[in-house]
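In what follows, a structure is listed as structure tokens, so that the remarks can point back to it.
Derivation of every value follows stated rules applied to the coordinates shown; laboratory data play no part. These numbers come from a predicted model, not from an experiment. Note that each Cβ is placed from the backbone with ideal geometry, even for glycine, and that neighbours are counted across all protein chains shown.
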């Protein structure tokens, strides 16, 4: 370990890189693990987001959508990893598990299909409301 008084305490050594490579290879043993890390990394916000006064709850979504419209927030970063068990949405650095029953809707959203939000609003159930609330709370979706 480097000491604060070491004249090169900020240097990254070859030994540090080797240690990191070993740690990464131990953790990233399958495609799902790699996808989870990469999805979070590539969707991390590069600019600060506005914080919500209070997190939106899933049970509030149906009533909210009777008076308001959802839209993709400017600068939102959304990606997904598709698997037979559903998909994982990566939203501004967060991971949201999506069950197979809703996979097509949220993949369409991540692919930026214009009809995706309208289709989601017409196919609301508890699971969809939980995912929509999570996307609003991490700054991917906004309410107008």
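Here the average projected area of the convex hull drawn through the C-alpha atoms of the chain stands at 11.7 nm².
Estimated from helical segments only, the mean residue ellipticity of the chain at 222 nm is -12500 deg cm²/dmol, where each DSSP H run of four or more residues counts as -39500 (n - 2.57).
Residues 83, 94 in ascending order of nearby Cβ atoms (within 10 Å, fewest first): 83, 94. Look at 26, 60 and count the other Cβ atoms within 10 Å of each Cβ; fewest to most, that gives 26, 60.
The smallest convex shape that holds all Cα atoms of the range 14-61, its convex hull, gives 157 Å³ per residue. When the chain is treated as a Gaussian network with alpha carbon springs shorter than 10 Å, the biggest mean-square fluctuation among 42, 72, 23 belongs to 23.
Residue order for 105, 47, 122, fewest other beta carbons within 10 angstrom first, comes to 47, 122, 105. Between the range 114-132 and the range 25-39, the C-alpha centres lie 29 angstrom from each other. Normalised radius of gyration (Cα atoms, divided by 2.2 N^0.38 Å) for the range 65-141: 0.99.
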